[in-house]
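A.B. asks: So that we are looking at the same thing, I have put the structure below in structure tokens.
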Amino acid sequence: MLKTMRKQGGFTLIEVVAAAALIGIMATMLLPSLSGANDRVKNARLQNDLVTIDQAIQLYKMDAGTVPAELTTLDSEYLGGKLEFKDAKGEALTYTPNTTDGTYTLSGKNSKGAAVTSPGSKANAGE
């Protein structure tokens with residue numbers, strides 16, 4: 001009987017280690033950009049939430065003649081009960097109504113901890 005030698009295919013140990021090292025290096029380079037993207041998403045959500053709450057406050061003001069005493073007043077009828085009143089850091093938004101002149105201040109913190117004020121707030125009304 002003749003035995004024929006078959007050439008075995010596959011990868012050597014060096015090739016496997018090199019490929020694993022290359023994948024590890026690429027993953028290490030990718031992680032910081034993913035972290036930055038998460039911060040950008042949180043900041044964009046904060047901006048959108050502030051604008052949405054501003055619009056709800058304006059609708060409430062048109063209906064009631066004054067700004068709401070607290071944000072939870074807006075939750076069911078004006079916001080549909082779907083909005084959390086939290087900033088990008090996960091902390092509660094700061095809302096300070098001034099019922100005498102119908103103005104308010106609405107702010108929160110972005111992902112870096114800097115204060116962000118809503119476009120409709122008294123602090124931004126003159127801009």
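A.B. asks: Can you tell me which residues in the range 50-95 are free of Cβ contacts under 8 Å to residues at least 60 places away in the same chain, part of a helix (DSSP H, G or I) and touching a strand residue (DSSP E or B) at 6+ places or on another chain (Cβ under 8 Å)?
C.D. replies: Once the filter is applied, which keeps residues that are free of Cβ contacts under 8 Å to residues at least 60 places away in the same chain, part of a helix (DSSP H, G or I) and touching a strand residue (DSSP E or B) at 6+ places or on another chain (Cβ under 8 Å), the range 50-95 yields only Leu71.
A.B. asks: Out of everything in the range 1-49 that is of a type in the set (Lys, Arg) and either assigned to a loop (DSSP other than H, G, I, E, B) or more than 18 Å from the chain's Cα centre (by Cα) (or both), what residue ends up being modelled with the highest pLDDT? Give the derivation first.
C.D. replies: Step one: filter the range 1-49 for residues of a type in the set (Lys, Arg), giving 3, 6-7, 40, 42, 45.
Next, only the ones that are either assigned to a loop (DSSP other than H, G, I, E, B) or more than 18 Å from the chain's Cα centre (by Cα) (or both) stay: 3, 6-7.
Numbers: Lys3: 57, Arg6: 60, Lys7: 68.
Restricting to residues being of a type in the set (Lys, Arg) and either assigned to a loop (DSSP other than H, G, I, E, B) or more than 18 Å from the chain's Cα centre (by Cα) (or both), the top hit is Lys7.
The values are calculated or read from the model by the stated rules, or taken from the named source; none is laboratory data. Since we're looking at a predicted model, the values are computed, not measured. Every residue, glycine as well, gets a Cβ built from its backbone with ideal geometry; the counts of neighbours run over all protein chains shown.
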